[in-house]
Every structure is written in C-alpha cells, then in structure tokens.
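> Right, I'll just put the structure down here and ask away after.
The values are calculated or read from the model by the stated rules, or taken from the named source; none is laboratory data. Owing to the predicted nature of the structure, the values given are computational and were not obtained by experimental measurement. Cβ sites come from the backbone with ideal geometry, for glycine too, and all protein chains shown count toward neighbours.
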Amino acid sequence: MVSKQLRQITLNACISVVCFRKVRFTATAVAAQTSGAVSHDTIQRFLADERAEWSRQLWKQVKKFFKNRKDGYLIIDDTVIGKDDSAWKTEMTSKLWSSAEKRYLYRQSVVLLIWTDGETRILLDVRFKVKGSAKTKFDLALEMLRSAKDRKIAPDAMLFDSWYAAAKFMTAIRKLGWHWVCKLKSNRKNAGLLRK
C-alpha cells in the first residue's frame, strides 16, 4: 500500500515539475514538490523501476485533458537525474556528460515526451534508459511516439533538438504522418528528408 501511494505522489510531483515549475527535471526538484513526503533517493529508485509502468500511469492522469484539445506540439527531450556527488554510483546510473557542469557524472538518463500549445506544457510520457540495455534514447523516444499515435494524439509538429536530428528518427516521424521542426547541424546531409 505504501509503495503505491509513494508512486502516486512521485508521479504527481514529476508532472508538477515538468508542467508547472520553471526548474530542471531532477530528482531533487521532484522531491521538493512532495514537501518532504518522499526522499530524493526514493524518487530515484521509483523512477528507475520498470515495474512501475510510468507511461501507463501518467497517461491515466492526463488523457482527459486531450478530449477538447486539437492544436499543439509534441516535444522530445532528455535530461539526467541524480545526486550532485559525482562519485554516486548505483545499478541505475551511468557515466554521462553533463553539459551544465562540463564534466562526466554518474546520472540516470531520462527521455521525456511533452505536449505544448506554446503556453501550457503537459508531460505525456517518460522513459528511463536502463544501464546495460540495448535500447538507446532514440529507441525510447520512438516507443513514446508510437504510443502517442496509438492514443490518437495528432500534433501540428514534433519539436526536438539537433541531437535527435538523425535520418532514422526523422523518417520514423514522417511514417507516423507527422511533421517535425528542429535545428540541423551544418554537417548533416538530410536533403532527402527535407522534401515531402
């Protein structure tokens, strides 16, 4: 019973951080939203627990919002969560580059799918890169997009940064019948993708 309640509190706190707070998505920021009810470490463990079925639980929370919404964009983004101590290692973390701190730190890699109309943001899906798993961040992002399509979400366009601007990813978006908007690096050769 306690673990179910903690999962719900954690999920609600995650939604609050992504949708309503102007802070980075970190376990510390999520913990702050629980007013001390859930610790940073507990949030870290729950977020990495594949059995928690975050995607399904999250959709249950937000699907009613989409009944009357037609226009909007889907954003794919990723972040890392973890303690500030660079020596912090668990089975959930990997050594990842922190662009904010300009060094490698042990963190949990998270991929987010967010809906926005330019003013409101709604967290639709979240996937965690599991250490040792063959699934890449691209694979996790594509899983979320297919799930969004199955849930009848039809964005005006997909938005993502240049890291996701790979031919495989953009082709998959086109196959879903969606458009995409992103910044391309000058060395990319994607001319075929730029034509419909």
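> How do the pairs read when you match residues in the range 17-33 that are closer than 14 Å to Ile114 by Cα with residues anywhere that are among the basic types (Lys, Arg) and modelled with pLDDT of 75 or more, using Cβ under 9 Å and keeping only pairs 6 or more apart or on different chains?
Val18/Arg121; Cys19/Arg121; Phe20/Arg121
> Six or more apart or on different chains, Cβ atoms under 8 Å: show the pairs whose first residue is in the range 155-184 and under 21 Å from Thr79 (Cα atoms) and surrounded by fewer than 17 Cβ atoms within 10 Å (Cβ to Cβ) and whose second is of a type in the set (Lys, Arg) and modelled with pLDDT under 90.
Partner pairs satisfying both residue conditions: Asp161/Lys183; Ser162/Lys183; Ser162/Lys185.
> Could I ask something else about it? Could you list, in sequence order, all residues of the range 96-130 that are modelled with pLDDT under 75 and in contact with a strand residue (DSSP E or B) (Cβ under 7 Å, 6 or more places away or on another chain)?
First pass over the range 96-130, keeping only residues modelled with pLDDT under 75: 96-101, 105-108, 130.
The answer is Leu96, Trp97, Ser98, Leu105, Tyr106, Arg107, Gln108.
> Within the range 178-193, can one find any residue that is farther than 23 Å from Phe65 by Cα, touching a helix residue (DSSP H, G or I) at 6+ places or on another chain (Cβ under 7 Å) and at pLDDT below 70?
Among the residues of the range 178-193, at least one is farther than 23 Å from Phe65 by Cα, touching a helix residue (DSSP H, G or I) at 6+ places or on another chain (Cβ under 7 Å) and at pLDDT below 70, which makes the answer yes.
> Given the conditions (1) surrounded by fewer than 16 Cβ atoms within 10 Å (Cβ to Cβ); (2) under 16 Å from Trp180 (Cβ atoms); (3) under 17 Å from the mean Cα position of the chain (by Cα), report the number of the one that Met144 does not fulfil.
All conditions pass for Met144, except number (1).
> Sticking with this structure for a sec: How many residues, within the range 109-151, are basic (Lys, Arg) and without any contact (Cβ under 8 Å) to a residue 40 or more places away in the chain? So that I can check it myself, show each step before the final result.
Kept after step one, since they are basic (Lys, Arg), are these residues of the range 109-151: 121, 127, 129, 131, 135, 137, 146, 149, 151.
Filter once more, so that each one left must be without any contact (Cβ under 8 Å) to a residue 40 or more places away in the chain: 129, 135, 146, 149.
Count: 4.
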